[in-house]
Amino acid sequence: QQQQWLLWRIPPRVPNSSGIPSMNEYEHIYVKFRKDFGRYCNFDDVDPKILGVVDSAPQCGEKYVEQTILNCVLDNIPQVSETSVNTQRVQVRNRTMIHTEGGWPREVEPTEAQDCLKFRKRLEKDQRFVDAVKQLTKQTEGVLKQNNTIDLFEHYFHMEEPEHLPENLTMRTVALFKDPSEETRSVTKIGWHPEGPTKLVGSYSNLRFQQMSDEMPMASFIWDISERNVPLTELRTSSPLVCCQYHHRNHDYLVGGCYNGVINHYDLRKGPMPLSKSAVEVTHYDPVYDVVWQQSKTGNDCVSVSSDGRLLFWDVRKLTDTVDECVLVDGASNSKTQGGVSLEWMQEAGPTKFLVGTEHGLILSCSKKPKKDVEISGWFGQPEKGGFGRHFGPVYAVKRNPFNTKFFLTIGDWCAKIWMEELKGPMLQTPYYPAFLSAAAWSPTRPGVFFLARQDGRLDTWDYFYRMNEVSLTQKVSECALTSLSVQAQGQLVAVGDSDGVITMLQLCDGLVNQMPNEKNLVAQMFERETKREKNLDAIKKLTGKGGKQENKNEENAQLDEALLRSREKAFLTEVGMPEDASGGSDPPMLPT
């Protein structure tokens, strides 16, 4: 074995240049084998022994003087004093001023027109006045000529609107809201407060099949933008909330869809517990993926969609029974039920129109007319209904354009598609991404801007007013997969949720918020142009199909005409008394004209 020893050697104190002794410390380390130390030292307990005695001598204390104790504190922190001065306030008052004509001599009364006229005539005859006017006229003439040459007051580009200029688009993170629960949950839905960017509600759940533990918390939270550490309110429930939305008028009302299919109605004035719940017998039996409030006279109507294939209409005052129901089918000859995973309703597009995104990549258009059952009026992307371009996965988002409500945006696989109500196929489509898309939203202030959330943690911004062939801005938001996205009504803030339970609030630059001159009309023209193009292609396709059928008919007619010609040829030869082979083969004879 080896033993390591530290030896310290302290030399005598040596005075430095200032005359004050200083002490230097030296250190020496060496390593030596244990066998080189010799035998172990053995210590034994012995009785105490007196080795020496020093007697006290009080008289020796008179030779010394007691030293005064000195305390000295040294630091290098500068001393800064803070003082406040109350300066005298400046009093500001509004006063009126009367402008009267002045500069007249005392003997002239300005109010008398005759006196003023006499004075002017007398002054005009004065030679000094004439010389002064001539001198001033020379200076004024040069200035007037310059003004005529260069119009200093000209309005350049007056009544002209500038075109869209490219700029550096940016977005920055302003806040993070972390799920306080210990177990990881995804942010499945985000809803902004209708009054403004003050509060938001986040729905937390785990949608992975059989991945939910018994200890997982069930509560969702309402966050205050100014307080980011602790949630403002907790929404308690017996099953995790998958979606939750504020009421558009009564801001104390919230409606949420649970993982077990139950609809919860909350009144924040009554506490964090649900005010009422839907009955298990009539509610969904799969997770409620989306829920929206409707604008009605009572303000108590809402609609929910679930992967069980039903679109249910509710009155929150009586959740024991549904108001209406619609079964989502694919519209094929052997129709099958389609599970719904997204829902879109907008008052401007029509209070009776609903768009539902299904698990199989189709988009269904449902209508609920008064005193009639809910019916499916259209299937987008269904080949048996004349559609094409369906998504390869569940349609996780269906969003109408807030400025042109006939057009809507969908995401369901690795790309986003823009559809038009009159077309059965997509009108525009983004390139395929390397990652799956999970959420989408239009900008509420710019008609040509929309956002896409990707599962690789990035948020893409498309600006169709600027360019349509590539992304305008890509922002890395999180290391985890993004699961939800919501844009505030003013368009300045964007809330993005990820699979780790974190809500990231982003602030957009002015270029992504402020609408460009004539942008609304130009984007509408672009959408109409693409619509006409798709309609023309559809018409050409139909004509091509009819042309093929016409060619088949022409071939059949040609065969019939050839047989008729053979029969007439045979009758002619018989009538003239000539054999059939006299014509020189099977070719028909040249008939006289």
Percent carbon-and-sulfur accessible area, the chain, ignoring ligands, DNA and RNA, probe 1.4 Å | 51 percent
Given Cα pairs under 8 Å that are at least 6 residues apart, what percent is the relative contact order of the chain?
-> 8 percent
Once LYS318, LYS406 are ranked on solvent-accessible area with the largest value leading and a 1.4 Å probe, the list reads LYS318, LYS406
For the chain, convex hull of alpha carbons as volume per residue, Å³ | 768 Å³
What is the spin-label model distance, in nm, from SER238 to ARG208 if the labels are put 7 Å beyond Cα along the C-beta direction?
-> 2.7 nm
Just reorder ARG228, ARG185 by solvent-accessible area, largest first, 1.4 Å probe, all chains present.
-> ARG228, ARG185
Applying 1/(1 + (r/R0)^6) with R0 = 22 Å to the Cβ-Cβ distance of GLN135 and TRP104, what FRET efficiency is obtained, to the nearest 0.05?
-> 0.45
Determine which aspartates and glutamates satisfy two conditions relative to LYS372: a Cα distance under 19 Å, and not lying fewer than 8 residues away in the same chain.
-> ASP301, ASP315, ASP321, ASP324, GLU325
Measuring from the longest principal axis of the C-alpha atoms of the chain, the long axis of helix 519-576 (C-alpha) lies at a number of degrees, nearest 10, equal to 30 degrees
So, in Å, what gap is there between the alpha-carbon centers of region 501-531 and region 207-281?
-> 31 Å
Over 21 Å between C-alpha atoms is what I'm after, so list which of LYS368/LYS532; LYS368/LYS520; LYS424/LYS535; LYS336/LYS369; LYS336/LYS371 land there.
-> LYS368/LYS532; LYS368/LYS520; LYS336/LYS369; LYS336/LYS371
Using a simple spin-label model with points 7 Å from Cα along the Cα→Cβ vector, what separation in nm is obtained for VAL80 and LYS118?
-> 7.7 nm
State, to one decimal in nm, how far the label point of ASP500 lies from the label point of GLU281, with both points 7 Å from Cα in the Cβ direction.
-> 4.7 nm
Normalised contact order of region 230-362, rounded percent, pairs of Cα under 8 Å and 6 or more residues apart = 17 percent
Ranking HIS284, HIS155 from most to least accessible area with a 1.4 Å probe gives HIS155, HIS284
What lysines sit close enough to LYS178 to cross-link, taking a C-alpha to C-alpha distance under 25 Å and skipping anything fewer than 8 places away on the same chain?
-> LYS189, LYS199, LYS476
Helix 113-124 versus the longest principal axis of the chain: what angle, 0 to 90°, nearest 10, using Cα atoms?
-> 80 degrees
Where region 164-272 is the region considered: accessible area per residue in Å², 1.4 Å probe | 48 Å²
Calculated FRET efficiency, ASN229 and SER335, Cβ-Cβ r, R0 56 Å, to nearest 0.05?
-> 0.60
Gain on full stretching of the segment that runs from LYS371 to GLN347 - 0.36 nm per residue minus C-alpha separation | 6.7 nm
Could you please state, rounded to a whole Å, how far the C-alpha centre of region 409-438 is from the C-alpha centre of region 343-396?
-> 15 Å
Of ALA453, ASN168, ALA416, farthest towards positive along the dipole that unit charges on Lys, Arg, Asp, Glu beta carbons give the chain = ASN168
Relative contact order of region 122-272: what whole-number percent is it, with Cα pairs under 8 angstrom and at least 6 residues apart?
-> 15 percent
Run down the lysines and flag those whose C-alpha is under 26 Å from the C-alpha of LYS118, throwing out any fewer than 8 positions away in its chain.
-> LYS134
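The values are calculated or read from the model by the stated rules, or taken from the named source; none is laboratory data. Quick caveat: nothing in here was measured; it's all calculated off a predicted structure. Note: ideal-geometry Cβ built from the backbone for every residue, glycine included; neighbour counts use all protein chains shown. With ligands, DNA and RNA removed, areas are computed over all heavy atoms of the protein, side chains included. Shrake-Rupley method; radii C 1.70, N 1.55, O 1.52, S 1.80 Å.
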